[in-house]
1. What is the one condition in (1) surrounded by 12 or more Cβ atoms within 10 Å (Cβ to Cβ); (2) not in a strand (DSSP E or B) that Lys199 does not satisfy?
2. Looking for something touching a residue at least 12 places away in the same chain (Cβ under 8 Å), closer than 30 Å to Asn108 by Cα and in a helix (DSSP H, G or I) - is there at least one such residue anywhere in the stretch 204-227?
3. Could you list, ordered by first residue, the pairs with Cβ atoms under 7 Å in which the first is in the stretch 56-72 and assigned by TED's automatic domain parsing to the domain that holds Ile42 and the second is part of a helix (DSSP H, G or I) and among the aliphatic types (A, V, I, L, M), at least 6 apart or interchain?
4. Report yes if some residue within the stretch 213-222 is more than 20 Å from Asp160 (Cα to Cα), at pLDDT 95 or above and of a type outside the set (Val, Ile, Thr); otherwise report no.
5. Only one of Lys146, Lys173, Lys153 is surrounded by fewer than 12 Cβ atoms within 10 Å (Cβ to Cβ), farther than 30 Å from Gln110 by Cα and not β-branched (Val, Ile, Thr). Can you tell me which?
6. With the condition being assigned by TED's automatic domain parsing to the domain that holds Ile239, I'd like the helices (runs of 4 or more DSSP H) fully within the stretch 83-185 carrying at least 2 qualifying residues.
7. Quick one: would you say Ser166 is more than 30 Å from Glu242 (Cα to Cα) and either among the hydroxyl-bearing types (Ser, Thr, Tyr) or in contact (Cβ under 8 Å) with a residue 24 or more places away in the chain (or both)?
8. What number of residues within the stretch 73-132 satisfy the criterion of being of a type outside the set (Gly, Ala, Ser) and within 30 Å of Leu197 (Cβ to Cβ)?
Amino acid sequence: MTLKKTSLWVLLAAFAAAPAFAQNIAVVNGTPIPKARTYALIDQLVHQGQQNTPQLQMAVREELVNREVLMQEALRCGLPNRPDIKAQIAVAQQTVVLRALIEGIVKNNQPTDAEVIARYNSLIKDTGGKEYHLHHILVDNEQQAKDLIAKIKAGASFEDLAKQYSKDPESGKNGGDLDWSDPKAYVPEFAYAATHLQKGQVTDTPVHTQFGWHIIRVDDVRNATPPLEQVRPQIIQQIQQEKLQAFEEGLRKNAKIQ
């Protein structure tokens, strides 16, 4: 009868203790380590690229046990009461809370398809939609430019003439190559002339700008703006950042700051 009573009490005690152990991964010197802390650390590691495996879970358990052992020693030494430590803890706590706030704001303010398309169309308009691969020769006077144009039409190498005569130190040594660029990067007279040439065409007359007289050749033209689906993630991120900034500015505007 006594054995039965003892067994019953042991069984009841085990059931009573089970929920407490189920909520913790370990108890260190009487201090429990909750499973929620494990989930938080595993989630952080997974976001950093690690896989949630039994090995990772075991490693996290050992890490949290080690941390608890060290934390108890830090408490014994009174470190959490130091003013500098208190300040750092406050900053760290604020960082965690603000990260959660920002994640919630971003999640609840996702750009609509209409907003993404409108931003994409705006980018196309700003860039003009085209990039030009150009060569040019820059000289000091109009007559020299005309003479060079005549030589090019007669079959002379544009690149050789650029290396010999161009006053542009950067492109001249490369045969007049200006590489790919948006025409808006150039002065208006140069950009206008370049965008009115066909692929492979050379200007019939010299183009005058503040830098001198130019002979321009269009080597190729391409679309400057990639397809929408290719840049959609960047556009979404940009709009999210703008909405977040507007939210922050609104709160600051209404805050009483002394």
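The values are calculated or read from the model by the stated rules, or taken from the named source; none is laboratory data. Since the model is a prediction, treat every value here as computed from it, not as a measurement. Cβ sites come from the backbone with ideal geometry, for glycine too, and all protein chains shown count toward neighbours.
1. (1)
2. The initial filter retains those residues of the stretch 204-227 that are touching a residue at least 12 places away in the same chain (Cβ under 8 Å), namely 204-225.
From what is left, the residues that are closer than 30 Å to Asn108 by Cα are 225.
Next, from what is left, pick out any that are in a helix (DSSP H, G or I): none.
The answer is no; no qualifying residue exists.
3. Going by the 7 Å Cβ cut-off, the qualifying pairs are Leu56/Ile42; Leu56/Leu45; Gln57/Ile42; Val60/Leu41; Val60/Ile42; Leu64/Leu41.
4. Our first condition is that a residue be more than 20 Å from Asp160 (Cα to Cα); within the stretch 213-222, this holds for 221-222.
Subset that is at pLDDT 95 or above: none.
Checked against the condition, which is being more than 20 Å from Asp160 (Cα to Cα), at pLDDT 95 or above and of a type outside the set (Val, Ile, Thr), the stretch 213-222 yields no hits at all.
5. On the way: Lys146 fails: surrounded by fewer than 12 Cβ atoms within 10 Å (Cβ to Cβ); Lys173 fails: surrounded by fewer than 12 Cβ atoms within 10 Å (Cβ to Cβ).
Checking each option against the conditions leaves just Lys153.
6. Numbers: elements: 83-107, 113-127, 142-153, 158-165, 169-172.
Hits in the stretch 83-185: 83-107, 113-127.
7. Working: more than 30 Å from Glu242 (Cα to Cα): yes; either among the hydroxyl-bearing types (Ser, Thr, Tyr) or in contact (Cβ under 8 Å) with a residue 24 or more places away in the chain (or both): yes.
Yes.
8. Taking the stretch 73-132 first, the residues of a type outside the set (Gly, Ala, Ser) are 73, 75-77, 79-86, 88-89, 91, 93-99, 101-103, 105-113, 115-117, 119-121, 123-127, 130-132.
From what is left, the residues that are within 30 Å of Leu197 (Cβ to Cβ) are 120-121, 123-127, 130-132.
Going through the stretch 73-132 one residue at a time, the tally reaches 10.
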